[in-house]
Structures are given as structure tokens and as C-alpha cells.
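Notes to accompany the following structure.
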Amino acid sequence: MTARGERLIRQAYRAFAARDLDALIRLADESIEVSTVTGLLSGRTEPYRGYEGLGQYMDDLASTWKRIELQPQQFNRLDEERVLVFGRVRAWHERGFLDTSNAWLWTVREGKVVSVQVFADPSEARRAFTDPG
């Protein structure tokens with residue numbers, strides 16, 4: 001992963017924070033796949049796919065959470081295409097408040113985000129991608 005790819009990921013976090021779907025689409029490959037906890041809570045069994053999927057994700061986000069903040073803290077380059085980010089999620093739901101650790105696996109190819117996989121259990125991501133063997 002290049003510094004340019006990491007900047008792209010940081011831009012995606014800012015676009016998400018602003019709920020700027022147009023900016024997210026500009027940063028994403030047309031075949032993007034996004035696997036999130038929000039999707040599971042919305043009853044999805046498959047990732048959000050493509051630009052239409054990004055739009056559906058933003059709709060599901062708005063209907064699932066009163067407010068949600070992603071706080072990326074540690075960026076770990078795994079290889080030329082992937083970055084594993086550890087951080088926190090603060091989210092307000094109709095039933096309460098959530099403040100938890102999280103991890104995101106980003107894949108960037110040719111200057112575009114091609115996938116994002118969310119790990120609600122960062123230790124699972126750490127074991128899968130950072131432990132030797």
C-alpha cells in the first residue's frame with residue numbers, strides 16, 4: 001500500500017463522517033464491496049456491492065443509527081493493496097449507545113477502494129492478518 005492509498009482511505013473516512021455519498025463514489029471502484037455490522041443489523045446476508053450498494057448502505061446507516069462516528073486510530077499496511085485499520089466506533093441507536101473497538105480491512109487498487117470489511121471484534125482481524133503462521 002502506498003502513501004497515496006492510505007490518503008485515499010483517510011479521505012473515505014472523512015466522506016463517511018460527512019455522509020457524502022458522491023465523495024464516497026468518487027473514491028470507490030464501480031465494483032466495490034462493503035461488509036459491515038450495519039448490513040447485518042439491516043438483515044443483509046451479502047455485502048453491499050457497487051455504487052448502488054453504497055447508496056443502500058448509506059440509507060441503512062441512516063435508518064439503523066441515530067448517529068455513528070468512526071474513529072480510525074492505527075493504520076497497518078499489510079501489502080501493496082491492503083490496509084488494516086484499528087479504531088473505535090461510537091454509535092447511538094434507539095436502544096442505547098455503543099462505544100467499542102473495531103477494525104476495518106481496506107483494499108485499494110489503481111487508486112480506488114475496491115473493498116471494505118468491518119470487524120466488530122478487532123482481535124479476530126488481528127489474528128487473521130497480523131499474527132505469523
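Among the listed options [x] 9.8; [y] 7.8; [z] 8.5, the one matching mean projected area of the Cα convex hull in nm² as calculated from these coordinates is [y]. To the nearest 10, the accessible area of Asp59 is 100 Å² with a 1.4 Å probe. Going by accessible surface with a 1.4 Å probe and the largest first, Trp104, Trp92, Trp65 read Trp92, Trp65, Trp104. Short-range pairs are left out: with C-alpha atoms under 8 Å and at least six residues apart, the relative contact order of the range 23-133 is 24 percent. Only DSSP H runs of four or more residues enter the estimate; each adds -39500 (n - 2.57), and after division by the residues of the chain the mean residue ellipticity at 222 nm equals -11000 deg cm²/dmol.
Residues Leu84, Leu41, Leu21, sorted by accessible area with the largest first, give Leu41, Leu21, Leu84 [1.4 Å probe; ligands and nucleic acids excluded].
Estimated from the Cβ-Cβ distance and a Förster radius of 30 angstrom, the FRET efficiency linking Phe129 and Ile25 is about 0.65.
Take the chain with all the other protein chains still there, run a 1.4 Å probe, and you get 57 Å² of accessible area per residue. How large, in percent, is the carbon and sulfur part of the accessible surface of the chain at a probe radius of 1.4 Å? Carbon and sulfur: 45 percent of the exposed surface of the chain.
The values are calculated or read from the model by the stated rules, or taken from the named source; none is laboratory data. No experiment lies behind these values; they were computed from the predicted model shown. Using ideal geometry, Cβ is built from the backbone for each residue, glycine included, and neighbour counts are taken over all protein chains shown. For the accessible areas, the whole protein counts, side chains as well, though only heavy atoms, and no ligand, DNA or RNA atoms are used. Shrake-Rupley method; radii C 1.70, N 1.55, O 1.52, S 1.80 Å.
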